[in-house]
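Comments concern the structure below.
The values are calculated or read from the model by the stated rules, or taken from the named source; none is laboratory data. All figures in this text were calculated on a predicted structure; none of them were measured in a lab. As a convention, Cβ positions derive from the backbone with ideal geometry for all residues, glycine included, and neighbour counts pool all protein chains shown.
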Amino acid sequence: MRRSVALLGLPLMMIVSGCGPAGTDPAGPGGPADSSGRADDRRAVFERRAGAAAQAWQPGGAWTNGYVPLQEPTVLVGEANFTAQTKTAFLAGWYQNTVELPAAKPADGAVRFPDGATTVPLISATEAYQQLDQGGSGACSGPPMDPATPPPAAPGGEPDNAVSSRPQGDCVRLTITKVELGTAPVHTTRGEAQVPAWLFTVPQIEAVVARVAVAPGAVGALPEPSTPPGAPPTGLVSAQDIEAIDGTKLTYRLGVGSCDTEITPLVQEYDHLVVVGGTVTPPVDGCDDMLNLHPVEVTLSAPVGVRLIVDALTGAPLRLAAA
């Protein structure tokens, strides 16, 4: 799914989905939350927490100058054609290699952001494959099987039940037929970047599996988020991760209860930050304690660009959900 890399240069904006301008609550960022749980009260608390998060994440440091990824270092390039077996293998990291892997470290490469570039040292294809391949551990009683290989026959000529009854979704290796150094899109604290990566061709899924080639020492760490003060009222819920960024469309997942209703996304924008969260109407009677990930979509006033996306309740930056 396409994710915007447009550079945003806008004045400070404070826009909340479905509510008025921020900064009108007399209690301020540290004021007490109204326990009544009314929608207007929850929105007001969201605005205060968004403002506190924006103050805590002032531009500066590694997250605006270096390479700080907000997704896993294994990235799909192209639309993968997964089966249940190959999806399990991809998530588990089960591979077999049929080509020679370059062992030498390449020259330094450039991570290209919407607002500039950073030169970084790289790792070899051999190192990248070692990080990618997680071997045959897992639910299988034996090593993962190639999906094209039929189960072995028992002495009587029939398939061996002990093998054929294994959960085949857990027992497949993805076969690598080509490897080359290229780039892959990675969601970072500076927007979507083109990052040096070793590209492994996997015909079984009709896509390329990219493993980021940036040396570990060049990968920056996020500073600890500053949680906005004050306990949120019942009905204000947290954003868990990002599903997609497509131009001004932002899709993220809220953590909600099984019996929550009237799930409503909230967003507030700044020139260096996008703060998201949501509200729900909790059940009157009891319910289970299961956390459900509920996708919601908001339309921003401009593409995300290099702005960080953070959760209003925790102040933490949101990562891109795994494939």
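Brief remarks on what is shown
- Flag if Ala231 is within 19 Å of the chain's Cα centre (by Cα) and not assigned by TED's automatic domain parsing to the domain that holds Leu91: no
- Checked against (1) more than 22 Å from Pro223 (Cα to Cα); (2) among the aromatic types (Phe, Trp, Tyr); (3) in contact with a Leu (Cβ under 9 Å, 6 or more places away or on another chain), Trp57 meets all criteria but (1).
- Residue count, region 281-315 (criterion: of a type outside the set (Asp, Glu), closer than 30 Å to Lys87 by Cα and touching a strand residue (DSSP E or B) at 6+ places or on another chain (Cβ under 6 Å)): 11
- One residue stands out among those in region 55-97 that are among the charged types (D, E, K, R) and assigned to a loop (DSSP other than H, G, I, E, B): the one that is nearest to Thr201 (Cα to Cα), which is Glu79.
- Filter pass, Leu293 being touching a Phe, Trp or Tyr at 6+ places or on another chain (Cβ under 7 Å) and in a strand (DSSP E or B): no
Per-residue answers, yes or no, for (1) closer than 29 Å to Glu224 by Cα; (2) assigned by TED's automatic domain parsing to the domain that holds Thr126; (3) surrounded by fewer than 15 Cβ atoms within 10 Å (Cβ to Cβ); (4) in contact (Cβ under 8 Å) with a residue 12 or more places away in the chain:
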| site | (1), (2), (3), (4) |
| --- | --- |
| Asn81 | no, yes, yes, yes |
| Ala84 | no, yes, yes, yes |
| Ala89 | no, yes, no, yes |
| Gly93 | no, yes, no, yes |
| Glu100 | no, yes, yes, no |
| Pro106 | no, yes, no, yes |
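- Members of region 241-250 found to be surrounded by fewer than 19 Cβ atoms within 10 Å (Cβ to Cβ) and within 22 Å of Glu47 (Cβ to Cβ), listed by number: Thr248
- Filtered residues of region 289-302 (kept if free of Cβ contacts under 8 Å to residues at least 40 places away in the same chain and within 19 Å of Glu262 (Cβ to Cβ)): Met290, Leu291, Asn292
- Taken residue by residue, region 132-140 has at least one member that is part of a helix (DSSP H, G or I), in contact with a strand residue (DSSP E or B) (Cβ under 8 Å, 6 or more places away or on another chain), modelled with pLDDT of 85 or more and over 30 Å from Val274 (Cβ atoms).
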